[in-house]
Each structure stands twice: as C-alpha cells, then as structure tokens.
Amino acid sequence: MTTLLEKSPIHRIVLNNGIVLLVSENPVADIIAGRIFVRAGSCHENRELAGLAHLLSAVMTKGCDGLSSLEIAEKVESVGASLSADAATDYFLLSFKTVTSDFAEILALAGQLLRSPTFPEVQVELERRLALQDIRSQKEQPFNVAFEQMRQAMYQNHPYAASVLGDETTMGRLTRADLAEYHRTYFRPDNIVVSVAGRITPEDVVKLVTEVFGDWQVPAPALPKLHLPDVKVQPQSRLKPIDTQQSIVMLGYLGPSVSSSDYAPLKLLSTYLGNGLSSRLFVELREKRGLAYEVSAFYSTRLFPASFVVYMGTAPENTSIALQGLQKEVYLLRTTEVSPSELQAAKNKILGQYALGKQTNGQIAQIYGWYEILGLGIEFDQEFQEMIAAVSAKDAIAVAQKYLEEPYLSLVGQEEAINGAIA
C-alpha cells in the first residue's frame with residue numbers, strides 16, 4: 001500500500017511484513033539520511049530494569065552477526081558515513097547518513113545491527129559503567145536534580161518518572177540476557193518505521209529496503225500490550241538541599257499528550273512564556289528584574305500525559321522572589337488574555353522554528369518517522385501548523401485555566417535559601 005499526501009512530498013509504503021516505509025525524495029544534495037524507529041522506548045521497560053533501552057542503544061553498534069565493534073566502525077568511517085543508536089521515552093532510534101552511492105551498503109549494515117546484534121559481554125560491561133558515570137554526573141547538576149525530583153513527584157509509578165538512563169540500582173543490575181530478551185520482544189518488522197530522505201527515488205528505496213528486511217518474518221507471539229498506571233494530578237513540593245552557588249526554582253504542571261486537542265494551544269503558550277530572548281519570562285524576570293541566570297519553559301511532546309515546566313536558575317538570595325515571579329507569570333496566563341500582537345508573535349516564532357527544523361535530510365527523515373511511530377501519521381506535519389495558526393486568545397486562556405492551576409514545585413539549592421522560599 002502506497003500513500004502520497006496532497007500537501008506533502010512524503011511517500012508512505014507498508015511492506016508485506018508490516019514495516020512502514022516513508023520516503024522523501026530530495027535531489028538537492030547528494031546525501032541520504034535514514035531513521036529506523038522501533039516502538040521500544042523506556043516506557044516499554046519493566047520498572048526494575050529502567051535504563052534497558054538506553055543500554056541497548058549504547059551496545060547495539062558494538063557488534064552484530066559476523067562483525068566486531070571495530071569492523072563496524074571501519075565500515076562506517078571508511079565511506080565518511082555516520083551511524084548511531086539512541087533511546088527515548090516513547091521509541092528507539094537507529095540513525096544513519098551517507099552519500100547516495102554508499103546508501104545500499106550502510107542500509108545493509110543498519111539492517112544487520114537492527115536484526116542481529118550480538119551484545120558482546122565486554123561491551124555490555126563497558127557501556128554499563130559509562131552509563132553509571134552519566135547517572136552520577138547528573139546528580140551534580142542542579143537542573144537535572146530538580147527535574148528528576150519533579151518527574152518523580154508528578155509521575156510516581158509511571159515510566160516517565162524515571163530518566164531514560166534509569167538509576168544506579170537498575171542500571172547496575174542489567175545483564176546481556178536482559179538486552180537479548182528486550183530485543184527479541186520488540187525488534188520485529190511489524191513494530192518498525194523506516195524513514196528515508198535524500199537523493200533517491202521511492203522505487204529504489206523500496207527495492208533496497210526489501211532486500212535488507214523483506215525476509216524478516218513477524219514472530220508468532222503478539223506484541224506485549226502496554227499497561228501503564230494512570231497519571232493523576234497530585235501537586236506537591238519537593239526540596240533538595242545541595243551545596244551550589246545557584247538555586248533552581250521549577251514549577252511543573254501535568255499536561256495532555258500530543259494526541260489531545262489541547263496540545264497545540266499549550267505548546268503555543270510554552271513558546272510565548274519561555275522560548276528565547278523575547279519570551280515573557282526572559283523579558284520580565286531576567287531583563288527587567290535581573291533575577292535569572294537562566295529562565296525558560298518547555299512542554300514535551302509525548303504519547304502519554306506530558307509535563308509543562310517553567311524554571312529559573314537564580315542566586316540563592318533571590319530564591320523566594322524568583323519563585324514568586326514564576327508563579328505570577330503563570331497566574332497571568334490564567335487570568336489575562338494574551339494580546340493579539342503577542343499571540344501572533346508566538347505563532348510566528350513557533351512556526352518559523354518548525355520550518356527551520358525541516359531543512360536537512362536528517363531532520364526530514366526524523367520528523368516524519370517520529371510522527372508515524374507516535375501514531376499521529378505523516379499528516380500531522382500539516383495538521384500541527386494549521387492547529388497552531390488557529391489558536392485564539394480564548395483557546396490559550398482556556399487551556400491555561402484547565403492545566404496551569406496548582407503546580408508541582410521542585411527546589412534545589414542551599415538549604416537555607418530553598419527552605420526560606422516556601423516558609
């Protein structure tokens with residue numbers, strides 16, 4: 001089955017074994033980028049094995065059937081290509097980029113890695129030690145500490161509560177057998193999206209992908225169904241005293257998933273509030289009042305309920321007034337309509353940044369594959385832009401009143417400063 005959207009140059013083909021193939025023919029540069037998405041992110045881990053998807057991504061390129069880590073690296077680097085793996089909350093990703101003439105060779109290598117990784121014991125142990133170092137390093141970074149305790153308060157037993165790295169306990173117990181079982185369960189053709197962009201025709205991509213993956217059969221067992229706990233709004237405060245020269249003040253609100261009709265107006269509000277040097281938070285709290293070393297807002301795109309976060313890094317003596325400043329700005333979103341000019345400026349910013357994020361073949365392959373693996377479909381590219389353009393001031397204040405009421409609070413900094421902020 002092949003689909004070509006009227007407003008999109010993306011071809012969508014479903015192979016006989018269930019692999020969804022997306023192709024964007026772009027003849028401008030002699031480069032082809034590929035993204036292979038698997039529905040196997042950290043949400044698919046058992047809680048006691050948190051970090052498994054990350055460890056798999058670190059080890060996957062270190063050995064496959066017939067090739068050692070060094071041989072894989074030589075195959076990639078000898079033609080100036082790039083190939084890497086990564087794990088996120090909602091998906092696993094294998095990325096590669098090459099000149100057109102070497103695409104068939106690098107695609108074949110990607111297929112070997114995806115289908116037949118060997119997980120060498122020595123590499124598993126090495127990457128586990130490196131991951132443990134990363135986990136310890138994050139504990140020394142105030143923002144990461146604040147965000148982690150925010151996630152844990154907000155998500156409780158949901159996988160989103162944990163870092164993709166897991167923690168020292170879970171990462172420390174992972175074994176090669178765990179990797180092999182996880183790979184065997186989720187890495188199968190009916191659970192994969194292949195997205196390709198570059199100087200190649202859809203017909204040629206179908207031919208090459210079929211050569212690499214066409215004999216991959218869907219295994220008999222059905223894919224495990226995700227049974228995740230509900231995420232309930234239970235605002236609370238968490239404080240973490242550490243010896244640091246700044247305080248991190250963070251407010252979090254439980255927002256909807258990307259499939260909600262409220263996603264676009266809330267995404268626009270996060271842009272208005274905290275994206276860039278012209279954002280409301282930056283102008284009011286840093287430029288006018290000099291409170292912030294850094295100040296921002298973000299609202300993640302997630303399959304399940306996502307967090308809307310505003311935060312500031314400030315001097316310890318400013319912790320209390322920084323918290324009041326953040327609370328006031330969020331309160332204004334709920335009580336005062338954004339002016340037409342400010343609303344339009346935020347739309348221009350988010351749509352401009354969105355357009356700039358689709359310039360390279362890698363970005364094109366990424367965004368369409370991402371939408372497909374999230375279940376939104378490649379149509380979401382156009383739908384998202386239309387939804388943002390359609391947001392009214394009334395829509396914005398309505399979602400602010402719905403989601404941005406009572407926050408989760410995360411404070412990290414010197415003990416006296418953070419305790420004084422909530423006294």
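The values are calculated or read from the model by the stated rules, or taken from the named source; none is laboratory data. The structure presented is a predicted model; accordingly, all values stated were derived computationally and were not measured. Positions of Cβ are backbone-derived with ideal geometry, glycine not excepted, and every protein chain shown enters the neighbour counts.
The condition of being surrounded by 19 or more Cβ atoms within 10 Å (Cβ to Cβ) and in a helix (DSSP H, G or I) holds for only one of VAL412, VAL330, that being VAL330.
Hey, does the range 277-289 have a residue that's closer than 26 Å to ALA88 by Cα, in the same structural domain as SER341 (by TED's automatic domain parsing), over 20 Å from the mean Cα position of the chain (by Cα) and not in a helix (DSSP H, G or I)?
No; the residues of the range 277-289 include none that is closer than 26 Å to ALA88 by Cα, in the same structural domain as SER341 (by TED's automatic domain parsing), over 20 Å from the mean Cα position of the chain (by Cα) and not in a helix (DSSP H, G or I).
Being touching a strand residue (DSSP E or B) at 6+ places or on another chain (Cβ under 7 Å), more than 30 Å from VAL194 (Cα to Cα) and β-branched (Val, Ile, Thr): is that true of VAL399 here? The answer is no for VAL399.
Kindly indicate the residue of the range 360-385 that is part of a helix (DSSP H, G or I), of a type in the set (A, V, I, L, M, F, W, C) and touching a Lys or Arg at 6+ places or on another chain (Cβ under 9 Å) and also surrounded by the most Cβ atoms within 10 Å (Cβ to Cβ) among those meeting that condition. This residue is ALA365. Scanning the range 50-75 for residues that are more than 28 Å from TYR371 (Cβ to Cβ) and either touching a strand residue (DSSP E or B) at 6+ places or on another chain (Cβ under 6 Å) or outside the structural domain of ILE200 (by TED's automatic domain parsing) (or both) returns CYS64, SER69. Being in a loop (DSSP other than H, G, I, E, B), among the charged types (D, E, K, R) and touching an Asp or Glu at 6+ places or on another chain (Cβ under 8 Å), is that true of even one residue in the range 295-305? Checked against the condition, which is being in a loop (DSSP other than H, G, I, E, B), among the charged types (D, E, K, R) and touching an Asp or Glu at 6+ places or on another chain (Cβ under 8 Å), the range 295-305 yields at least one hit.
Check the range 255-264 and report whether any residue there is among the hydroxyl-bearing types (Ser, Thr, Tyr) and part of a strand (DSSP E or B).
From the range 255-264, those among the hydroxyl-bearing types (Ser, Thr, Tyr) are 257, 259-261, 263; that's our starting set.
With part of a strand (DSSP E or B) added as a condition, the list becomes none.
No, every residue in the range 255-264 fails to be among the hydroxyl-bearing types (Ser, Thr, Tyr) and part of a strand (DSSP E or B).
Being of a type in the set (Asp, Glu), within 30 Å of ALA306 (Cα to Cα) and part of a strand (DSSP E or B) is a property that ASP86 has. Applying the condition of being part of a helix (DSSP H, G or I) and among the small types (Gly, Ala, Ser) to the range 110-146 and asking which residue is surrounded by the fewest Cβ atoms within 10 Å (Cβ to Cβ) yields SER137. As for the range 279-290, it holds no residue that is touching a Phe, Trp or Tyr at 6+ places or on another chain (Cβ under 8 Å) and farther than 20 Å from LYS347 by Cβ. The residue that is modelled with the lowest pLDDT, among those in the range 25-68 that are under 23 Å from THR175 (Cβ atoms) and among the acidic types (Asp, Glu), is ASP65. I'd like to know if the range 42-49 contains one or more residues that are hydrophobic (A, V, I, L, M, F, W, C), assigned by TED's automatic domain parsing to the domain that holds VAL122 and either in a helix (DSSP H, G or I) or out of contact with any Leu (no Cβ under 7 Å at 6 or more places or on another chain) (or both). For the range 42-49, residues hydrophobic (A, V, I, L, M, F, W, C), assigned by TED's automatic domain parsing to the domain that holds VAL122 and either in a helix (DSSP H, G or I) or out of contact with any Leu (no Cβ under 7 Å at 6 or more places or on another chain) (or both): present.
Considering only residues that are in a helix (DSSP H, G or I) and either touching a Lys or Arg at 6+ places or on another chain (Cβ under 8 Å) or not assigned by TED's automatic domain parsing to the domain that holds VAL310 (or both), look in the range 392-409 and name the one that is surrounded by the most Cβ atoms within 10 Å (Cβ to Cβ).
Restricting attention to the range 392-409, the residues satisfying the condition of being in a helix (DSSP H, G or I) are 393-403.
Now drop any that are not either touching a Lys or Arg at 6+ places or on another chain (Cβ under 8 Å) or not assigned by TED's automatic domain parsing to the domain that holds VAL310 (or both), which leaves 397, 400-401.
Details: ILE397: 19, ALA400: 25, GLN401: 12.
Top of the filtered list is ALA400.
Of the residues making up the range 14-23, those that are surrounded by fewer than 23 Cβ atoms within 10 Å (Cβ to Cβ) and either free of Cβ contacts under 8 Å to residues at least 12 places away in the same chain or more than 18 Å from ALA108 (Cβ to Cβ) (or both) are VAL14, ASN16, GLY18, VAL20. Only one entry in ALA264, ALA297, ALA322 is out of contact with any Phe, Trp or Tyr (no Cβ under 8 Å at 6 or more places or on another chain), in the same structural domain as GLY375 (by TED's automatic domain parsing) and of a type outside the set (Val, Ile, Thr), namely ALA322.
Selection within the range 283-327: residues that are aromatic (Phe, Trp, Tyr) and closer than 23 Å to LYS402 by Cβ. The member of this set that is surrounded by the fewest Cβ atoms within 10 Å (Cβ to Cβ) is PHE298. Of everything in the range 315-327 that is part of a helix (DSSP H, G or I) and among the hydrophobic types (A, V, I, L, M, F, W, C), the residue that is nearest to PHE92 (Cα to Cα) is LEU326.
Screening ALA389, ALA345 for residues that are within 18 Å of ASN275 (Cβ to Cβ), assigned to a helix (DSSP H, G or I) and in contact (Cβ under 8 Å) with a residue 60 or more places away in the chain leaves exactly one candidate, ALA345. Residue selection: GLY352 fails the criterion of being surrounded by fewer than 22 Cβ atoms within 10 Å (Cβ to Cβ), free of Cβ contacts under 8 Å to residues at least 60 places away in the same chain and either outside any helix (DSSP H, G or I) or of a type in the set (Lys, Arg) (or both).
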